[in-house]
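Visitor: Right, I'll just put the structure down here and ask away after.
The values are calculated or read from the model by the stated rules, or taken from the named source; none is laboratory data. None of these values were measured; they are calculated from a predicted model. Every residue, glycine among them, receives a Cβ derived from its backbone with ideal geometry; neighbour counts consider all protein chains shown. When the accessible area is computed, the model is the full protein with side chains, heavy atoms only, and any ligands, DNA or RNA have been set aside. Shrake-Rupley method; radii C 1.70, N 1.55, O 1.52, S 1.80 Å.
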Amino acid sequence: MSIVTTPENTSSTAPISEEDIFSAHIGGKLSVESTMPLDSKRALSIAYTPGVAQVSRAIAADPAKHATHTWASRLVAVVSDGTAVLGLGNIGAAASLPVMEGKSALFKNFGGLNSIPLVLETTNVDEIIETLIRLRPSFGAVNLEDISAPRCFELEERLIEALDCPVMHDDQHGTAVVVLAALTNAARVVGKQLSEMRVVVSGAGAAGIAIADILVNVGVGDVILLDSKGVIHRDRDDLNPIKAKYAAVTNREGIMGGTREALDGADAFVGVSSSTVAEEDLAGMNEDAIIFGLSNPDPEVMPDVAARYAAVVATGRSDFPNQINNVLAFPGIFRGALDAGARRITGDMKIAAAMAIADLAAEDLAADFIVPSPLDPRVADAVAAAVGAASQQ
């Protein structure tokens, strides 16, 4: 069986009304269809009883057949507890389901992978882990989605150890992969080396921490993290364990203060905080600066303002150039991991995904084109191939 998405108006110019939105979501956005016709007694006997019993007996005798004779090995579970949904915050499991359905639709349309949304009526990390361990025979990978920080870090880490299949929190790593791809190409546009750049990341939640992590791992000159209280540095005594961990490997010069102090002499700004940045704070950035205001729907810095201070500007929105969108990453990452039979999605696989995305835009690279379009059909194939190759290294 496979998941299919309900038809949608694909016009990019037609205005979207509230009625359009709500009518499109009636009954949900997903359905299940059989991959084989059930139009005769013979077909029923093969697909279901009595023929299916032979397959069940075979799996019981040889568990490896579970991977080849069910859909589980190619099925991604999209899991959320509804605590950090889009920009809506903790709205609960039921309200998160439309988003998880949408994520499953993206997996199918962009990655060719079947996916099932699972929203859980618990925020207890132990209970979520226990639930997914019990459900493990039903899926081949887990995409964690819209789970609040800092719980999301513990949950992902423990699930990776508990499950013998790929696990990734997309809000963390999908975002980080696409940001790395975009920053790599933006640096090429302005003629700078990542190893010589100071990058300010506003937001120290799921996405901000993952972005800092991947930038440190690829050798960016320095990374400065900002949370709601200002610059994260080693002398702060109010940091949770995750922030304290990154305070030790970022902000090498020990900068203190707020956004203005962090941006003074910075080469790039990456916003994933849903805050706003005052225009005067941007004035101290270096020449040929890079500004990514990625909060949706309202960027930390609107593109017209950012363009006064930066040579390359990006947002998370589709109505401006350079959309930094997770759909460039996660379908191909999961497909590559599943194709390769990988148990884990490693740091090297994420970096390989970022480089594959960056390379797709290299031929037409420009200040207003640093990543390919999310609708580019080459993306998932290229990312999957890169991830698969990295998994074998």
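Visitor: Please go through (1) assigned to a loop (DSSP other than H, G, I, E, B); (2) modelled with pLDDT of 95 or more; (3) open to solvent by less than 30 Å² (accessible area, probe 1.4 Å) for SER295 and return the number of the only condition it doesn't satisfy.
Guide: Exception for SER295: condition (2).
Visitor: Right, something else. Quick check, is GLY174 modelled with pLDDT of 95 or more and under 30 Å from GLY140 (Cβ atoms)? Full working, then the answer.
Guide: On the way: modelled with pLDDT of 95 or more: yes; under 30 Å from GLY140 (Cβ atoms): yes.
Taking the combined requirement at face value, the residue satisfies it.
Visitor: Hey, any hits in segment 165-186 for a residue that's within 13 Å of THR250 (Cα to Cα) and out of contact with any Ser or Thr (no Cβ under 6 Å at 6 or more places or on another chain)?
Guide: Kept after step one, since they are within 13 Å of THR250 (Cα to Cα), are these residues of segment 165-186: none.
No, that holds for no residue.
Visitor: On the basis of being open to solvent by 10 Å² or more (accessible area, probe 1.4 Å), in contact with a helix residue (DSSP H, G or I) (Cβ under 6 Å, 6 or more places away or on another chain), free of Cβ contacts under 8 Å to residues at least 60 places away in the same chain and more than 28 Å from ALA84 (Cα to Cα), does ASP339 make the cut? Step through it out loud before you land on a result.
Guide: Numbers: open to solvent by 10 Å² or more (accessible area, probe 1.4 Å): yes; in contact with a helix residue (DSSP H, G or I) (Cβ under 6 Å, 6 or more places away or on another chain): yes; free of Cβ contacts under 8 Å to residues at least 60 places away in the same chain: yes; more than 28 Å from ALA84 (Cα to Cα): yes.
When the stated conditions are applied, ASP339 passes them.
Visitor: Which count do you get for residues in segment 98-127 that are out of contact with any helix residue (DSSP H, G or I) (no Cβ under 8 Å at 6 or more places or on another chain), open to solvent by 50 Å² or more (accessible area, probe 1.4 Å) and in contact (Cβ under 8 Å) with a residue 40 or more places away in the chain?
Guide: Within segment 98-127, residues that are out of contact with any helix residue (DSSP H, G or I) (no Cβ under 8 Å at 6 or more places or on another chain), open to solvent by 50 Å² or more (accessible area, probe 1.4 Å) and in contact (Cβ under 8 Å) with a residue 40 or more places away in the chain number 2.
Visitor: Go through THR346, THR315 for me and flag whichever is more than 20 Å from VAL76 (Cα to Cα), at pLDDT 95 or above and among the hydroxyl-bearing types (Ser, Thr, Tyr). Give the derivation first.
Guide: Numbers: THR346 fails: more than 20 Å from VAL76 (Cα to Cα).
THR315 is the lone residue from the list that is more than 20 Å from VAL76 (Cα to Cα), at pLDDT 95 or above and among the hydroxyl-bearing types (Ser, Thr, Tyr).
Visitor: Next question. I'd like the residue in segment 287-317 that is over 22 Å from ALA176 (Cβ atoms) and in contact (Cβ under 8 Å) with a residue 40 or more places away in the chain and, out of all such residues, is farthest from the chain's Cα centre (by Cα).
Guide: ASP288
Visitor: Right, here's the next one. What about GLU287, is it part of a loop (DSSP other than H, G, I, E, B), at pLDDT 95 or above, of a type outside the set (Ser, Thr, Tyr) and on the phi < 0 side of the Ramachandran plot?
Guide: On the way: part of a loop (DSSP other than H, G, I, E, B): yes; at pLDDT 95 or above: yes; of a type outside the set (Ser, Thr, Tyr): yes; on the phi < 0 side of the Ramachandran plot: yes.
Judged against the criteria, GLU287 is a match.
Visitor: Could you list, ordered by first residue, the pairs with Cβ atoms under 7 Å in which the first is in segment 203-231 and buried (at least 23 other Cβ atoms within 10 Å of the Cβ) and the second is acidic (Asp, Glu), at least 6 apart or interchain?
Guide: ALA204/ASP227; ALA206/ASP171; ALA207/ASP171
Visitor: Within segment 151-172, count every residue that is over 16 Å from GLY316 (Cβ atoms) and in a helix (DSSP H, G or I). I'd like the intermediate steps shown before the answer.
Guide: Residues of segment 151-172 that are over 16 Å from GLY316 (Cβ atoms), as a first pass: 151-169.
Of the ones still in play, those that are also in a helix (DSSP H, G or I) are 151-162.
Residues that pass the stated criteria total 12.
Visitor: Still on this structure: Considering only segment 1-28, how many residues are within 25 Å of ALA94 (Cα to Cα) and either loosely packed, with under 11 Cβ neighbours inside 10 Å or modelled with pLDDT of 85 or more (or both)?
Guide: Matching residues across segment 1-28 total 14.
Visitor: If you don't mind, there's one more thing I want to ask. Is one or more of the residues making up segment 364-385 part of a strand (DSSP E or B) and over 21 Å from LEU106 (Cα atoms)? Before you say what the answer is, go through the steps one by one.
Guide: Taking segment 364-385 and keeping what is part of a strand (DSSP E or B), we get 366, 369.
From the residues that got through so far, the ones that are over 21 Å from LEU106 (Cα atoms) too are 366, 369.
Yes, that holds for at least one residue.
Visitor: Right, here's the next one. Report whether or not ASP376 is of a type in the set (Asp, Glu) and touching a residue at least 24 places away in the same chain (Cβ under 8 Å). Don't jump to the end; show me each part of the working.
Guide: Details: of a type in the set (Asp, Glu): yes; touching a residue at least 24 places away in the same chain (Cβ under 8 Å): no.
When the stated conditions are applied, ASP376 does not pass them.
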